[in-house]
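Participant: The following block contains the structure, expressed as structure tokens.
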Amino acid sequence: MEWMEQPLAELKEQSLLRSIRPSAAIVGKAGRIVRDGRELLDLSSNDYLGLSQHASIKEAMIQSLQEEGCGAGASRLISGSRLGYEQLEAALAQWHGTDAAVVFGSGYMCNVGTIAALAGREDALFSDRLNHASIVDGAVLSRAEHIRYKHNDLDHLESLLKKHGSARRRWIVTDAIFSMDGDAAPLRELVELKYRYNAGLIVDEAHSGGVYGAEGQGLAAELGLSGHIDVHIGTFSKSFGVYGAYAAGSHTLRSWLVNKARPLIYSTALPPSVIAGVQRALLLIRQERQRADAVRGHARLFRETFTRAGLQVTGQPDCPVVPVMTGDAESAIRLSEELLLAGIAASAIRTPTVPANASRVRFSLSSAHSGQELQEALSAVMNITSRMGMR
Ligand SMILES: Cc1ncc(COP(=O)(O)O)c(C=O)c1O
């Protein structure tokens, strides 16, 4: 094991060593956490709608635990599927306006499993360079030709689609909202390209689900493009406040994934209580849109304030992922640590998650944050970044 020590020491030297810090939730209080005995404003989680502490979701989960027990026991293909899974999948399909949906253990498993099941050796997979790591890993596992186009660069993508015209099948895959930049994929143009070059289009709504769309279906729905997306992917770990994920599309897609997606076939199904919680969260997301309106307003406030102050911020005006660019990793760590001293948890994001000179601190907002909490956080960021000479 000694061989690991030197590379780890080098990571430390470069401010790139990662560690997992203990933290605790505060019962009933989304948007805050406890670390080292101190209560902090949590701007590091993706609990965009504050549902991770919602009383009615907890009740649904507790009731299911009492009635159905703790674990599912096996893969659904081995021991069968409980009613809750089928009901949830029907509701997800109805929500997206698709024929069917299938639930996976997590967003990571869903992307890896779906992409590796859909694309094969003779196919070409066109993937935005900033797509999430789970899409990259799915592409590698698929053994398809993995072609990464420059971020949101439609001309580059089109030139690559032309160049790889002889592939058996072509797939375009993109995050709807990019997790580290908070910007949106040009879905309308991607739909045009998909038709022009006879490609399938897979859209990962991990960070847009719950937030965008009339009933929270995501960015494709917000833009009126749902019917043109071949595979909708979403996760229950962010806006839903629970855990798990899904792929939605045609009946044939569902049947293919049930037969070919290895993380679905060879892994135990999510606990029934998680499914019960997700079912309840879906109802809240569809019916109570005020949380999405609130978090989008928070995002506008953060971006406007940062931009006016001369900080470098990326992304859609109302996207709850708000990154402040620092460039080097040391500054990202310093900003994050000084914020911590001010009672705010916000993560420093460094390579390999983002390019080496594009380190940043990412602020993830939640509808659970109050106006006062946001103002306090903004003034802490202003003070610290001014002291650091960032503006
Ligand atoms: C775009 C995107 N897809 C998928 C995932 C993975 O989802 P999960 O956390 O449910 O595994 C993430 C999570 O960070 C993500 O940002």
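Participant: If Val242 meets every condition in (1) in the same structural domain as Gly182 (by TED's automatic domain parsing); (2) part of a helix (DSSP H, G or I); (3) among the hydrophobic types (A, V, I, L, M, F, W, C) apart from one, which number is that one?
Facilitator: (2)
Participant: Would you pick out the residues in the range 192-227 that are in a helix (DSSP H, G or I) and either within 18 Å of Asp128 (Cβ to Cβ) or polar (S, T, N, Q) (or both)?
Facilitator: Pass one, the range 192-227, residues in a helix (DSSP H, G or I): 192-196, 219-222, 226-227.
Selection gives Glu192, Leu193, Lys194, Arg196, Leu219, Ala220, Ser226.
Participant: Among the residues of the range 325-340, is there at least one that is within 27 Å of Ala185 (Cβ to Cβ), among the polar types (S, T, N, Q) and part of a helix (DSSP H, G or I)?
Facilitator: No, the conditions are met nowhere in the range 325-340.
Participant: Next question. Quick check: anything in the range 79-93 touching a helix residue (DSSP H, G or I) at 6+ places or on another chain (Cβ under 6 Å), polar (S, T, N, Q) and either away from the ligand (no atom under 16 Å from the Cβ) or closer than 30 Å to Phe302 by Cβ (or both)?
Facilitator: No, there is no match, as no residue in the range 79-93 is touching a helix residue (DSSP H, G or I) at 6+ places or on another chain (Cβ under 6 Å), polar (S, T, N, Q) and either away from the ligand (no atom under 16 Å from the Cβ) or closer than 30 Å to Phe302 by Cβ (or both).
Participant: What do you reckon, is Gly297 assigned to a helix (DSSP H, G or I), of a type in the set (Gly, Ala, Ser) and either in the same structural domain as Leu219 (by TED's automatic domain parsing) or touching a residue at least 12 places away in the same chain (Cβ under 8 Å) (or both)? Give the steps one after another, and end with the answer.
Facilitator: Numbers: assigned to a helix (DSSP H, G or I): yes; of a type in the set (Gly, Ala, Ser): yes; either in the same structural domain as Leu219 (by TED's automatic domain parsing) or touching a residue at least 12 places away in the same chain (Cβ under 8 Å) (or both): yes.
Yes.
Participant: Within the range 145-170, track down each residue that is within 16 Å of the ligand (Cβ to nearest atom) and either surrounded by fewer than 19 Cβ atoms within 10 Å (Cβ to Cβ) or touching a residue at least 40 places away in the same chain (Cβ under 8 Å) (or both).
Facilitator: Let us first name the residues in the range 145-170 that are within 16 Å of the ligand (Cβ to nearest atom), namely 148, 151-152.
Within the range 145-170, Arg148, His151 qualify.
Participant: How do the helices (runs of 4 or more DSSP H) wholly within the range 91-178 filter down when requiring 2 or more residues that are among the small types (Gly, Ala, Ser): which remain?
Facilitator: On the way: elements: 107-118, 133-142, 154-163.
Those helices (runs of 4 or more DSSP H) span 107-118, 133-142.
Participant: Identify the single condition in (1) over 21 Å from the mean Cα position of the chain (by Cα); (2) within 16 Å of the ligand (Cβ to nearest atom) that Asp123 does not satisfy, given that it satisfies every other one.
Facilitator: (2)
The values are calculated or read from the model by the stated rules, or taken from the named source; none is laboratory data. What you see is a predicted model, and the numbers here were worked out from it, not measured in a lab. For neighbour counting, all protein chains shown are included, and Cβ atoms are generated from backbone atoms with ideal geometry for every residue, glycine included.
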